[in-house]
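Please read the structure below before turning to the comments.
The values are calculated or read from the model by the stated rules, or taken from the named source; none is laboratory data. None of these values were measured; they are calculated from a predicted model. Positions of Cβ are backbone-derived with ideal geometry, glycine not excepted, and every protein chain shown enters the neighbour counts. The protein model used for the area step is the full one, side chains on, heavy atoms only, and it has no ligands, DNA or RNA in it. Shrake-Rupley method; radii C 1.70, N 1.55, O 1.52, S 1.80 Å.
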Amino acid sequence: SLLLAFEKGYNAIPGIIAQDISSWGEMKQVVRELKKPEVKENFKCIVVDTVDIAASLCEKYICNTLGIENIGDGGWAVNGWAKVKKEWENTWNTIQMKGYTLVFISHAKDKTFKRKDGTEYNQIIPACPTVYNEIVRKLVDIEAYAMIDNGYRKLIIRNQDDTIECRSRIKYIPTEVDFSYKALSNAISE
């Protein structure tokens, strides 16, 4: 795996291969490198940590390209949101189409929602802004929530009571598994 480190949170992970990224221009350079056969030979999986920061850098890049301060400035004439969405989507699609597995890491937040009957409920959702998260969701087969419960590290893959946003395209995968590659791989195989 190659970690695209949009934040420095990997120092305690032994053997990690990381590429620090502090601008979307650097991200575009990484995409060019990932297209090279000699790079593809070394990596099978690209991990993005965090997608929240990557989204912010992508938006800032488009703003700079358009000469605006905020992505909504200029209205329809500039169409900043369409341009940032296209840049975001094209970047991850390019990496995925080169045969890499993509893993996106996002921080989480607790959000209150209102049902049609007026009652409210809370749900843990990705902190990544919705416009970016929707594109990421189309690319991934599993959207899981990692947590520690009484010392037990686990991935919640399907949530029974809507308190956590998670899902899987794999129909019969368990609702939760140990937080390890082996456990997830076995659950997918089964």
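Need the list of aspartates and glutamates near Lys28 for cross-linking: C-alpha distance under 20 angstrom, and skip anything on the same chain fewer than eight residues off.
The qualifying aspartates and glutamates are Glu7, Asp20, Glu38, Glu41, Asp49, Asp52, Glu59, Glu87, Glu89.
Contact order normalised by length for segment 137-190, with contacts defined as Cα pairs under 8 Å and 6 or more residues apart; what percent is it?
For segment 137-190, the relative contact order is 31 percent.
According to the Kirkwood expression over distinct Cα-Cα pairs, how big is the hydrodynamic radius of the chain, in Å?
18.3 Å
Determine the per residue accessible area of the chain with all protein chains present and a 1.4 angstrom probe, expressed in square angstrom.
Roughly 61 Å² per residue, with all protein chains present.
Residues in segment 115-144 near a label at Trp81, defined as backbone nitrogen under 13 Å from the 7 Å Cα→Cβ point?
So the set is 130-132.
Rounded to a whole number, what % of the accessible area of the chain do carbon and sulfur atoms account for, probe 1.4 Å?
C and S atoms contribute 50 percent here.
What accessible surface, in Å², does a 1.4 Å probe find on Ser23, ignoring ligands, DNA and RNA and rounding to the nearest 10?
40 Å²
Along Cα→Cβ, 7 Å out, is where each label goes; now give me the distance between the ones at His107 and Asp161 in nm to one decimal.
My value for the distance between the label points is 2.6 nm.
Looking at the chain, do any whole DSSP H helices span at least 20 angstrom along their long axis by alpha carbon and average -1.0 or above on Kyte-Doolittle, and which? Don't skip to the end; give the middle numbers.
Numbers: long enough: 51-66 (22 Å, 0.76); 80-97 (25 Å, -1.18).
Span-like helices, by this rule, are 51-66.
Which of rounded, prolate, oblate describes segment 1-84, given a ≥ b ≥ c as roots of the alpha-carbon gyration tensor eigenvalues and a/c under 1.5 marking rounded, otherwise prolate only if a/b is larger than b/c?
Since a/c reaches 1.5 and a/b is larger than b/c, the shape of segment 1-84 is classed as prolate.
Run the numbers for Glu89 and Lys35: contour at 0.36 nm per residue of separation, minus the present Cα-Cα distance, in nm.
17.8 nm
Take every DSSP beta bridge with both residues inside the chain and express the antiparallel ones as a percent of the total, to the nearest 5.
On the way: 17 of 30 bridges.
In the chain, DSSP labels about 55 percent of beta bridges as antiparallel.
Taking the Cα centre of the chain as origin and charging only Cβ (+1 Lys, Arg; -1 Asp, Glu), how large is the dipole, in debye to the nearest 20? Show your work: numbers first, answer last.
Working: 26 positive and 26 negative charges, 110 e Å.
With Lys and Arg at +1 and Asp and Glu at -1, about 520 debye.
In nm, what is the difference between 0.36 nm times the number of residues separating Lys44 and Ile148 and their Cα-Cα distance?
34.7 nm
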